[in-house]
Each structure stands twice: as structure tokens, then as C-alpha cells.
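Participant: The following block contains the structure, expressed as C-alpha cells.
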Amino acid sequence: SKMYILVTSTDEEEGAFSVNDEDGNKVLYIFQEEDDATRYGMMLEDEDYPDMSVLEIDEDIIMQVCEINDYKYTVITPNDIIIPPKQGTFT
């Protein structure tokens with residue numbers, strides 16, 4: 001099935017948007033719904049993050065990539081309410 005991640009492609013930084021958990025590990029946000037990803041990207045831009053693009057990905061592929069690289073991830077469902085952190089991290 002299709003899922004969505006946020007990516008930035010400015011000159012200074014590029015990559016997938018992730019946040020740091022309490023232990024300092026990077027956690028990739030994977031959205032079930034494109035609208036939620038788009039809305040979150042706009043919220044990030046309001047917090048002076050670089051411009052965000054929504055990238056459609058295949059669920060199986062992104063899970064494999066995360067496991068191979070030992071990345072943590074969280075799946076954002078339409079029921080989740082998430083608020084942008086003040087300072088993001090790009091992996």
C-alpha cells in the first residue's frame with residue numbers, strides 16, 4: 001500500500017523529515033494519508049522549516065529501508081494529532 005513521507009530539498013539540507021525521541025534517536029514520520037502529510041508540511045513551514053514536499057512511497061519498501069538502516073519510524077494515522085517540534089532533524 002502507499003504511504004507518504006515529508007522530504008526537503010533545499011541546498012543546505014535534504015532528506016526525509018524525522019524527529020528526535022527522548023533518547024536522541026531519529027524517528028521517521030510515515031503518513032498513511034497524503035492530506036495529513038501535506039498539512040503537517042505546512043505546519044513545519046510555519047515554524048520556519050525549509051519547504052517540504054510530500055513523497056509517495058511503498059509501505060513495504062520504506063519498512064525494509066528502515067529495518068536495514070536501523071531507523072526508527074512511526075506511522076501517523078488520520079487519528080493522530082502531531083505538533084511540529086521547534087527544531088527538526090534531517091536524516
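Participant: Report the accessible area of residue 65, computed with a 1.4 Å probe over the heavy atoms of all protein chains in place, in Å² rounded to the nearest 10.
Facilitator: Probe radius 1.4 Å; accessible area of residue 65 about 60 Å².
Participant: In square angstrom, rounded to the nearest 10, how much accessible surface does residue 68 have for a 1.4 Å probe?
Facilitator: 140
Participant: Using a Förster distance of 25 angstrom, determine the FRET efficiency expected from the C-beta separation of residue 38 and residue 65, and round it to 0.05.
Facilitator: 0.70
Participant: Give me the percent of Cα-Cα pairs in the chain that sit more than 23 Å apart, rounded to a whole number.
Facilitator: Tail fraction, whole percent: 16.
Participant: Here's a follow-up. Determine the dipole magnitude for the chain: charges of +1 sit on the beta-carbon of Lys and Arg, -1 on that of Asp and Glu, nothing else is charged, the reference point is the Cα centre, and the result goes in debye to the nearest 20.
Facilitator: Details: 5 positive and 23 negative charges, 37 e Å.
For the chain, the charge dipole is close to 180 debye.
Participant: Next question, about the same structure. For the chain, what's the relative contact order in percent, using C-alpha pairs closer than 8 Å and at least 6 residues apart?
Facilitator: Relative CO of the chain lands at 41 percent.
Participant: Let me ask something additional. Where both partners of a DSSP beta bridge lie in the chain, what percent of those bridges are antiparallel, to the nearest 5?
Facilitator: 75
Participant: I've got another one for you. As a test of the formula, what do you get for the chain when each DSSP H run with n ≥ 4 contributes -39,500 (n - 2.57) and the sum is divided by the residue count, at 222 nm and rounded to the nearest 500 deg cm²/dmol? It would help to have the intermediate numbers written out before the result.
Facilitator: On the way: 2 runs with 23 residues, N = 91.
One gets -8000 deg cm²/dmol as the mean residue ellipticity at 222 nm.
The values are calculated or read from the model by the stated rules, or taken from the named source; none is laboratory data. Just so it is clear, the model here is predicted, and its values are computed rather than measured. Ideal geometry is used to build each Cβ from the backbone, glycine not excepted, and the neighbour counts take in all protein chains shown. For accessibility, only protein heavy atoms count, side chains too; no ligands or nucleic acids. Shrake-Rupley method; radii C 1.70, N 1.55, O 1.52, S 1.80 Å.
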